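Peer 1: One structure, pasted below without further comment.
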Amino acid sequence: MSQETNQVVGQETSKINTRELRDAFGAFMTGVTIVTTASDDGKPLGFTANSFSSVSLDPALLLVSIAKTSSNYPTFSTAGHFAINILAEGQKDLSNTFARPSDDRFANVSWQLSANRNPLINDVSAWFDCTTHAVIDAGDHALIIGKVEAFHSAGFAGLGYYRGGYFTPARVSAEVIAGPKVIVSAIIAREDKVLLVKTAGNKWGLPSKEIGKEGADKALAELFTQYQPDASASFIYSVYNNTETHYQYISFLCSAPDELAATGEFVSLDDIEAHAFHDGALASMLQRYRKESELKSYGLYFGDHSNGIVRPLHS
Ligand SMILES: Cc1cc2nc3c(=O)[nH]c(=O)nc-3n(C[C@H](O)[C@H](O)[C@H](O)COP(=O)(O)O)c2cc1C
(Lines give C-alpha, C1' and ligand atoms only; values in the text may rest on other atoms or scores of the structure.)
Protein backbone atom coordinates (compact mmCIF):
# COMPACT_ATOMS: atom_id res chain seq x y z
CA MET A 1 0.00 0.00 0.00
CA SER A 2 1.43 3.42 -0.90
CA GLN A 3 1.91 6.17 1.62
CA GLU A 4 -0.62 8.29 -0.25
CA THR A 5 -3.34 5.67 0.23
CA ASN A 6 -2.42 5.39 3.92
CA GLN A 7 -3.10 9.08 4.46
CA VAL A 8 -6.50 8.82 2.79
CA VAL A 9 -7.78 5.81 4.74
CA GLY A 10 -5.95 6.30 8.07
CA GLN A 11 -6.63 8.76 10.89
CA GLU A 12 -4.31 11.72 11.26
CA THR A 13 -2.80 11.85 14.72
CA SER A 14 -3.82 15.49 15.28
CA LYS A 15 -7.51 14.57 14.88
CA ILE A 16 -7.58 11.23 16.64
CA ASN A 17 -10.93 10.11 17.96
CA THR A 18 -10.18 8.42 21.30
CA ARG A 19 -13.12 6.05 21.07
CA GLU A 20 -11.98 4.82 17.64
CA LEU A 21 -8.38 4.59 18.82
CA ARG A 22 -9.45 2.42 21.75
CA ASP A 23 -11.37 0.15 19.34
CA ALA A 24 -8.35 -0.10 17.04
CA PHE A 25 -6.08 -1.00 20.00
CA GLY A 26 -8.70 -3.64 20.83
CA ALA A 27 -7.87 -5.46 17.57
CA PHE A 28 -4.81 -6.77 19.41
CA MET A 29 -5.81 -10.06 21.11
CA THR A 30 -4.58 -10.30 24.67
CA GLY A 31 -5.00 -12.30 27.83
CA VAL A 32 -6.43 -10.77 31.00
CA THR A 33 -4.55 -10.13 34.22
CA ILE A 34 -5.33 -8.86 37.68
CA VAL A 35 -2.61 -6.61 39.03
CA THR A 36 -2.40 -6.71 42.82
CA THR A 37 -0.56 -5.09 45.67
CA ALA A 38 -1.22 -4.32 49.33
CA SER A 39 -1.30 -0.94 51.04
CA ASP A 40 0.99 -0.21 54.00
CA ASP A 41 -1.80 -1.17 56.41
CA GLY A 42 -2.15 -4.56 54.65
CA LYS A 43 -5.33 -3.93 52.61
CA PRO A 44 -5.26 -5.99 49.37
CA LEU A 45 -5.76 -3.93 46.20
CA GLY A 46 -6.15 -4.94 42.59
CA PHE A 47 -7.41 -4.01 39.16
CA THR A 48 -8.02 -5.79 35.87
CA ALA A 49 -5.50 -5.06 33.13
CA ASN A 50 -4.84 -6.37 29.64
CA SER A 51 -1.90 -4.05 29.01
CA PHE A 52 0.48 -6.60 30.54
CA SER A 53 3.59 -7.39 28.52
CA SER A 54 6.72 -9.41 29.08
CA VAL A 55 9.78 -7.17 28.69
CA SER A 56 13.10 -8.89 29.45
CA LEU A 57 14.34 -12.37 30.38
CA ASP A 58 17.64 -11.37 31.97
CA PRO A 59 16.96 -9.53 34.15
CA ALA A 60 13.37 -10.83 34.36
CA LEU A 61 11.18 -7.79 33.72
CA LEU A 62 7.53 -7.22 32.79
CA LEU A 63 5.26 -4.21 32.53
CA VAL A 64 1.71 -3.09 32.93
CA SER A 65 0.15 0.24 32.05
CA ILE A 66 -2.10 1.92 34.64
CA ALA A 67 -4.45 4.85 34.04
CA LYS A 68 -3.58 7.92 36.11
CA THR A 69 -7.31 8.38 36.72
CA SER A 70 -7.49 5.02 38.50
CA SER A 71 -8.15 5.21 42.23
CA ASN A 72 -5.38 2.61 42.47
CA TYR A 73 -2.78 4.74 40.72
CA PRO A 74 -1.29 6.47 43.80
CA THR A 75 -0.76 3.15 45.61
CA PHE A 76 0.50 1.12 42.65
CA SER A 77 2.93 3.81 41.50
CA THR A 78 4.53 4.10 44.95
CA ALA A 79 4.09 0.71 46.71
CA GLY A 80 7.38 -0.71 45.40
CA HIS A 81 5.88 -4.15 44.82
CA PHE A 82 3.04 -5.75 42.83
CA ALA A 83 1.97 -9.07 41.34
CA ILE A 84 0.52 -10.02 37.97
CA ASN A 85 -2.12 -12.77 38.04
CA ILE A 86 -2.86 -14.18 34.58
CA LEU A 87 -6.47 -15.33 34.57
CA ALA A 88 -7.51 -18.83 33.53
CA GLU A 89 -10.44 -19.39 31.16
CA GLY A 90 -12.97 -19.89 33.94
CA GLN A 91 -12.12 -16.63 35.74
CA LYS A 92 -14.12 -14.11 33.70
CA ASP A 93 -16.12 -13.13 36.80
CA LEU A 94 -12.89 -12.16 38.56
CA SER A 95 -12.01 -9.91 35.63
CA ASN A 96 -15.35 -8.12 35.97
CA THR A 97 -15.06 -7.85 39.76
CA PHE A 98 -11.66 -6.18 39.50
CA ALA A 99 -12.77 -3.74 36.80
CA ARG A 100 -15.84 -2.47 38.69
CA PRO A 101 -16.02 -0.12 41.65
CA SER A 102 -16.14 -1.92 45.00
CA ASP A 103 -15.00 -1.28 48.56
CA ASP A 104 -13.41 -4.72 48.70
CA ARG A 105 -12.81 -6.49 45.40
CA PHE A 106 -11.24 -9.39 47.33
CA ALA A 107 -14.39 -10.09 49.40
CA ASN A 108 -15.28 -13.39 47.65
CA VAL A 109 -11.86 -14.23 46.23
CA SER A 110 -9.43 -16.94 47.40
CA TRP A 111 -5.89 -15.58 47.55
CA GLN A 112 -2.63 -15.72 49.46
CA LEU A 113 -0.05 -13.10 50.32
CA SER A 114 3.29 -13.51 48.53
CA ALA A 115 6.81 -13.09 49.92
CA ASN A 116 6.72 -9.54 48.51
CA ARG A 117 3.37 -8.78 50.19
CA ASN A 118 1.30 -9.07 47.02
CA PRO A 119 -2.01 -10.98 46.83
CA LEU A 120 -1.69 -14.07 44.61
CA ILE A 121 -5.09 -15.24 43.39
CA ASN A 122 -5.80 -18.98 43.56
CA ASP A 123 -6.13 -21.11 40.41
CA VAL A 124 -4.78 -18.54 37.96
CA SER A 125 -2.99 -19.63 34.80
CA ALA A 126 0.27 -18.06 36.04
CA TRP A 127 1.44 -15.45 38.55
CA PHE A 128 4.50 -13.20 38.81
CA ASP A 129 5.52 -11.74 42.17
CA CYS A 130 7.44 -8.49 41.53
CA THR A 131 9.28 -5.62 43.09
CA THR A 132 8.90 -2.33 41.21
CA HIS A 133 11.84 -1.75 38.86
CA ALA A 134 10.65 1.59 37.41
CA VAL A 135 7.57 3.76 36.98
CA ILE A 136 7.59 5.59 33.66
CA ASP A 137 5.27 8.47 32.89
CA ALA A 138 3.41 7.82 29.62
CA GLY A 139 0.63 10.27 28.74
CA ASP A 140 -2.58 9.58 30.64
CA HIS A 141 -1.08 6.28 31.86
CA ALA A 142 2.11 5.22 33.66
CA LEU A 143 4.11 2.13 32.82
CA ILE A 144 4.91 0.11 35.90
CA ILE A 145 7.88 -2.12 35.21
CA GLY A 146 8.29 -5.04 37.58
CA LYS A 147 11.29 -7.18 38.41
CA VAL A 148 10.09 -10.77 38.71
CA GLU A 149 11.17 -12.15 42.10
CA ALA A 150 9.14 -15.39 41.89
CA PHE A 151 6.64 -16.89 39.48
CA HIS A 152 4.50 -19.95 38.88
CA SER A 153 2.81 -21.24 35.75
CA ALA A 154 -0.01 -23.73 36.33
CA GLY A 155 -0.58 -24.33 32.63
CA PHE A 156 -4.35 -23.69 32.69
CA ALA A 157 -5.64 -22.31 29.38
CA GLY A 158 -5.76 -18.52 29.66
CA LEU A 159 -8.78 -16.22 29.35
CA GLY A 160 -8.65 -14.21 26.11
CA TYR A 161 -9.77 -10.64 25.38
CA TYR A 162 -10.46 -9.27 21.91
CA ARG A 163 -12.33 -6.19 20.66
CA GLY A 164 -13.94 -5.55 24.04
CA GLY A 165 -15.10 -9.12 24.70
CA TYR A 166 -13.80 -12.25 26.40
CA PHE A 167 -13.04 -15.47 24.57
CA THR A 168 -12.27 -18.97 25.77
CA PRO A 169 -10.73 -20.98 22.90
CA ALA A 170 -10.16 -24.28 24.70
CA ARG A 171 -13.62 -24.33 26.24
CA VAL A 172 -15.40 -23.41 23.03
CA SER A 173 -13.66 -26.14 21.04
CA ALA A 174 -14.72 -28.69 23.63
CA GLU A 175 -18.30 -27.36 23.85
CA VAL A 176 -19.09 -27.46 20.13
CA ILE A 177 -18.22 -31.14 19.82
CA ALA A 178 -21.07 -33.56 20.47
CA GLY A 179 -21.61 -37.22 19.62
CA PRO A 180 -22.59 -39.66 18.33
CA LYS A 181 -19.53 -41.80 17.73
CA VAL A 182 -16.86 -39.39 18.87
CA ILE A 183 -13.94 -40.49 21.02
CA VAL A 184 -12.07 -37.76 22.81
CA SER A 185 -8.54 -38.28 24.07
CA ALA A 186 -6.21 -36.16 26.18
CA ILE A 187 -2.54 -35.65 25.38
CA ILE A 188 -1.57 -34.64 28.89
CA ALA A 189 1.91 -33.25 28.41
CA ARG A 190 4.34 -32.23 31.10
CA GLU A 191 7.79 -31.00 30.10
CA ASP A 192 9.10 -33.72 27.73
CA LYS A 193 6.69 -36.40 28.95
CA VAL A 194 3.19 -37.50 28.10
CA LEU A 195 0.68 -39.46 30.18
CA LEU A 196 0.05 -42.94 28.76
CA VAL A 197 -2.34 -45.58 30.05
CA LYS A 198 -2.53 -49.34 29.59
CA THR A 199 -5.40 -50.45 27.35
CA ALA A 200 -6.83 -53.87 26.58
CA GLY A 201 -4.24 -56.40 25.43
CA ASN A 202 -1.53 -54.72 27.53
CA LYS A 203 -0.93 -52.05 24.86
CA TRP A 204 -0.43 -48.35 25.54
CA GLY A 205 -2.88 -45.58 24.70
CA LEU A 206 -3.97 -42.07 25.72
CA PRO A 207 -6.65 -41.39 28.32
CA SER A 208 -9.71 -41.67 26.04
CA LYS A 209 -13.47 -41.75 26.30
CA GLU A 210 -16.47 -41.90 24.03
CA ILE A 211 -18.38 -38.70 24.52
CA GLY A 212 -22.02 -38.71 25.50
CA LYS A 213 -24.78 -36.16 24.96
CA GLU A 214 -23.05 -33.78 27.38
CA GLY A 215 -20.26 -33.19 24.87
CA ALA A 216 -16.49 -33.21 24.87
CA ASP A 217 -16.19 -30.75 27.76
CA LYS A 218 -17.79 -33.23 30.18
CA ALA A 219 -15.83 -36.18 28.74
CA LEU A 220 -12.55 -34.30 29.17
CA ALA A 221 -13.46 -33.34 32.74
CA GLU A 222 -14.11 -37.01 33.51
CA LEU A 223 -10.80 -38.02 31.94
CA PHE A 224 -8.97 -35.45 34.07
CA THR A 225 -10.69 -36.67 37.26
CA GLN A 226 -9.71 -40.23 36.45
CA TYR A 227 -6.13 -39.71 35.25
CA GLN A 228 -4.71 -36.30 36.23
CA PRO A 229 -7.13 -34.19 38.30
CA ASP A 230 -5.48 -30.79 37.82
CA ALA A 231 -4.95 -31.05 34.03
CA SER A 232 -6.64 -28.63 31.64
CA ALA A 233 -7.23 -28.58 27.89
CA SER A 234 -5.33 -26.08 25.73
CA PHE A 235 -6.40 -26.79 22.14
CA ILE A 236 -7.45 -29.46 19.66
CA TYR A 237 -4.42 -31.26 18.28
CA SER A 238 -5.84 -33.88 15.98
CA VAL A 239 -9.18 -34.77 14.40
CA TYR A 240 -9.53 -37.93 12.37
CA ASN A 241 -12.17 -40.34 11.20
CA ASN A 242 -11.60 -44.04 11.31
CA THR A 243 -13.08 -45.12 8.00
CA GLU A 244 -13.47 -48.69 9.25
CA THR A 245 -15.21 -48.09 12.59
CA HIS A 246 -16.80 -44.75 11.52
CA TYR A 247 -15.73 -43.21 14.78
CA GLN A 248 -14.29 -39.70 14.91
CA TYR A 249 -11.23 -39.28 17.14
CA ILE A 250 -10.50 -35.86 18.63
CA SER A 251 -7.35 -35.31 20.65
CA PHE A 252 -6.86 -32.32 22.90
CA LEU A 253 -3.43 -31.10 23.89
CA CYS A 254 -3.59 -30.59 27.65
CA SER A 255 -1.20 -29.40 30.29
CA ALA A 256 -0.70 -30.29 33.93
CA PRO A 257 1.07 -28.33 36.68
CA ASP A 258 2.55 -31.54 38.13
CA GLU A 259 2.96 -35.24 37.40
CA LEU A 260 0.18 -36.61 39.53
CA ALA A 261 -0.91 -39.45 37.19
CA ALA A 262 -3.69 -40.88 39.37
CA THR A 263 -3.76 -43.68 36.77
CA GLY A 264 -1.19 -44.31 34.04
CA GLU A 265 2.39 -43.27 33.67
CA PHE A 266 4.26 -40.21 32.42
CA VAL A 267 6.52 -41.52 29.65
CA SER A 268 9.39 -39.59 28.10
CA LEU A 269 8.74 -38.64 24.47
CA ASP A 270 12.18 -40.07 23.68
CA ASP A 271 10.89 -43.52 24.67
CA ILE A 272 7.80 -43.54 22.43
CA GLU A 273 9.29 -46.09 20.03
CA ALA A 274 9.86 -48.55 22.87
CA HIS A 275 6.12 -48.73 23.59
CA ALA A 276 3.56 -50.88 21.81
CA PHE A 277 0.44 -48.83 21.05
CA HIS A 278 -3.03 -50.20 20.49
CA ASP A 279 -3.41 -47.86 17.51
CA GLY A 280 -0.68 -47.10 14.94
CA ALA A 281 -2.14 -43.63 14.30
CA LEU A 282 -1.42 -42.78 17.93
CA ALA A 283 2.29 -43.57 17.65
CA SER A 284 2.65 -41.26 14.64
CA MET A 285 0.68 -38.51 16.39
CA LEU A 286 3.02 -38.67 19.39
CA GLN A 287 6.07 -38.63 17.13
CA ARG A 288 4.67 -35.49 15.50
CA TYR A 289 4.03 -34.01 18.94
CA ARG A 290 7.63 -34.73 19.99
CA LYS A 291 9.00 -32.92 16.93
CA GLU A 292 6.61 -30.00 17.30
CA SER A 293 7.19 -29.56 21.01
CA GLU A 294 10.91 -29.18 20.32
CA LEU A 295 10.11 -26.41 17.83
CA LYS A 296 7.24 -25.05 19.96
CA SER A 297 5.15 -24.84 16.81
CA TYR A 298 2.05 -26.98 16.65
CA GLY A 299 -0.17 -28.09 13.82
CA LEU A 300 -3.68 -29.51 13.70
CA TYR A 301 -4.12 -32.89 11.97
CA PHE A 302 -7.23 -33.50 9.86
CA GLY A 303 -7.87 -36.71 8.03
CA ASP A 304 -8.62 -40.35 8.57
CA HIS A 305 -6.64 -42.87 10.59
CA SER A 306 -4.03 -43.41 7.88
CA ASN A 307 -3.98 -40.26 5.73
CA GLY A 308 -4.37 -36.62 6.54
CA ILE A 309 -2.89 -33.15 6.49
CA VAL A 310 -1.34 -31.10 9.24
CA ARG A 311 -2.37 -27.46 9.21
CA PRO A 312 -0.03 -25.12 11.09
CA LEU A 313 -1.86 -23.45 13.98
CA HIS A 314 0.05 -20.22 13.52
CA SER A 315 -1.09 -19.25 10.02
C1 LIG B 1 -10.34 -6.40 30.13
C2 LIG B 1 -9.97 -5.14 30.83
C3 LIG B 1 -8.68 -4.65 30.72
C4 LIG B 1 -8.28 -3.49 31.38
N5 LIG B 1 -7.00 -3.07 31.28
C6 LIG B 1 -6.58 -1.99 31.98
C7 LIG B 1 -5.22 -1.59 31.95
O8 LIG B 1 -4.39 -2.20 31.28
N9 LIG B 1 -4.84 -0.51 32.69
C10 LIG B 1 -5.74 0.19 33.45
O11 LIG B 1 -5.35 1.14 34.10
N12 LIG B 1 -7.05 -0.19 33.50
C13 LIG B 1 -7.48 -1.24 32.79
N14 LIG B 1 -8.79 -1.64 32.85
C15 LIG B 1 -9.73 -0.87 33.65
C16 LIG B 1 -9.61 -1.17 35.12
O17 LIG B 1 -9.69 -2.52 35.45
C18 LIG B 1 -10.75 -0.45 35.88
O19 LIG B 1 -11.36 0.47 35.09
C20 LIG B 1 -10.20 0.25 37.00
O21 LIG B 1 -9.76 -0.72 37.89
C22 LIG B 1 -11.25 1.19 37.60
O23 LIG B 1 -11.25 1.11 38.94
P24 LIG B 1 -10.24 1.93 39.92
O25 LIG B 1 -10.43 3.39 39.69
O26 LIG B 1 -10.67 1.48 41.27
O27 LIG B 1 -8.86 1.47 39.56
C28 LIG B 1 -9.21 -2.79 32.18
C29 LIG B 1 -10.52 -3.29 32.30
C30 LIG B 1 -10.90 -4.45 31.65
C31 LIG B 1 -12.29 -4.98 31.81
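Peer 1: Within the set of pairs 6+ apart or on separate chains, which have a first residue in the stretch 89-100 that is within 17 Å of Ser51 (Cα to Cα), a second that is more than 10 Å from the ligand (Cβ to nearest atom), and C-beta atoms under 8 Å apart?
Peer 2: Lys92/Thr168; Leu94/Val109; Leu94/Ile121
Peer 1: Please determine, by comparing only the residues of the stretch 18-27 that are within 13 Å of the ligand (Cβ to nearest atom) and surrounded by 11 or more Cβ atoms within 10 Å (Cβ to Cβ), which one is farthest from Gly165 (Cα to Cα).
Peer 2: The residue in question is Phe25.
Peer 1: Let me ask something additional. Select, from Phe76, Phe82, the only residue that is part of a helix (DSSP H, G or I), more than 8 Å from the ligand (Cβ to nearest atom) and crowded, with 18+ Cβ neighbours inside 10 Å.
Peer 2: Only one candidate qualifies: Phe76.
Peer 1: Can you tell me which condition Pro119 does not meet? The list is (1) buried (at least 20 other Cβ atoms within 10 Å of the Cβ); (2) closer than 27 Å to Arg22 by Cβ, and all the others hold.
Peer 2: (2) is the only condition that Pro119 fails.
Peer 1: I'd like to know if the stretch 269-289 contains one or more residues that are buried (at least 17 other Cβ atoms within 10 Å of the Cβ), within 26 Å of the chain's Cα centre (by Cα), touching a residue at least 40 places away in the same chain (Cβ under 8 Å) and part of a strand (DSSP E or B).
Peer 2: No, the stretch 269-289 has no match at all.
Peer 1: What strands (runs of 3 or more DSSP E), lying completely within the stretch 134-204, carry at least 1 residues that are within 15 Å of Tyr237 (Cα to Cα)?
Peer 2: On the way: elements: 141-153, 160-162, 165-167, 182-190, 193-198.
Fully inside the stretch 134-204 and qualifying: 182-190, 193-198.
Peer 1: Can Phe235 be described as closer than 25 Å to Gly160 by Cα, in contact with a Leu (Cβ under 7 Å, 6 or more places away or on another chain), surrounded by fewer than 19 Cβ atoms within 10 Å (Cβ to Cβ) and not assigned by TED's automatic domain parsing to the domain that holds Val124?
Peer 2: Here the answer is yes, as Phe235 does meet what is asked.
Peer 1: Suppose we keep only residues that are at pLDDT below 85 and in contact with a Gly (Cβ under 6 Å, 6 or more places away or on another chain) within the stretch 239-274. Which one would you say is farthest from Ile309 (Cα to Cα)?
Peer 2: Pro257
Peer 1: In contact with a strand residue (DSSP E or B) (Cβ under 8 Å, 6 or more places away or on another chain), within 30 Å of Asp230 (Cβ to Cβ), near the ligand (Cβ under 10 Å from one of its atoms) and touching a residue at least 24 places away in the same chain (Cβ under 8 Å): is that true of Thr36 in this structure?
Peer 2: No; evaluated as a whole, the condition is false for this residue.
Peer 1: Within the stretch 36-54, track down each residue that is of a type in the set (Val, Ile, Thr) and either closer than 14 Å to Thr131 by Cβ or outside the structural domain of Asn85 (by TED's automatic domain parsing) (or both).
Peer 2: Matches in the stretch 36-54: Thr36, Thr37.
Peer 1: Can you tell which of Ser153, Ser185, Ser173 is assigned by TED's automatic domain parsing to the domain that holds Ala67 and either of a type in the set (Lys, Arg) or farther than 24 Å from Phe25 by Cβ (or both)?
Peer 2: Values: Ser185 fails: assigned by TED's automatic domain parsing to the domain that holds Ala67; Ser173 fails: assigned by TED's automatic domain parsing to the domain that holds Ala67.
Being assigned by TED's automatic domain parsing to the domain that holds Ala67 and either of a type in the set (Lys, Arg) or farther than 24 Å from Phe25 by Cβ (or both) holds for just one of Ser153, Ser185, Ser173, which is Ser153.
Peer 1: Now a separate question. Six or more apart or on different chains, Cβ atoms under 6 Å: show the pairs whose first residue is in the stretch 175-190 and farther than 22 Å from Tyr298 by Cα and whose second is modelled with pLDDT of 75 or more and not hydroxyl-bearing (Ser, Thr, Tyr).
Peer 2: Between residues of the stretch 175-190 that are farther than 22 Å from Tyr298 by Cα and residues that are modelled with pLDDT of 75 or more and not hydroxyl-bearing (Ser, Thr, Tyr), the close pairs are Ala178/Gly215; Gly179/Ile211; Val182/Ile211; Val182/Gln248.
Peer 1: In contact (Cβ under 8 Å) with a residue 60 or more places away in the chain, within 16 Å of the ligand (Cβ to nearest atom), under 27 Å from Cys254 (Cα atoms) and not β-branched (Val, Ile, Thr) - does that describe any residue in the stretch 125-138?
Peer 2: yes
Peer 1: I'd like to verify a number: residues in the stretch 46-72 that are free of Cβ contacts under 8 Å to residues at least 40 places away in the same chain and either touching a Phe, Trp or Tyr at 6+ places or on another chain (Cβ under 7 Å) or more than 6 Å from the ligand (Cβ to nearest atom) (or both), how many?
Peer 2: The qualifying residues number 8.
Peer 1: Now for a separate question. Counting only residues that are under 24 Å from Tyr162 (Cβ atoms) and assigned to a loop (DSSP other than H, G, I, E, B), which one in the stretch 85-101 is farthest from the ligand (Cβ to nearest atom)?
Peer 2: By that ranking, first place goes to Gly90.
Peer 1: In the set Ser77, Ser65, Ser53, Ser70, which member is modelled with pLDDT of 95 or more and under 19 Å from the mean Cα position of the chain (by Cα)?
Peer 2: Step by step, each of Ser77, Ser65, Ser53, Ser70 is checked, and only Ser53 is modelled with pLDDT of 95 or more and under 19 Å from the mean Cα position of the chain (by Cα).
The values are calculated or read from the model by the stated rules, or taken from the named source; none is laboratory data. On a predicted model such as this, the values are computed, not experimentally measured, just so you know. Reconstructed Cβ throughout: ideal geometry from the backbone, glycine too, with neighbour counts over all protein chains shown.
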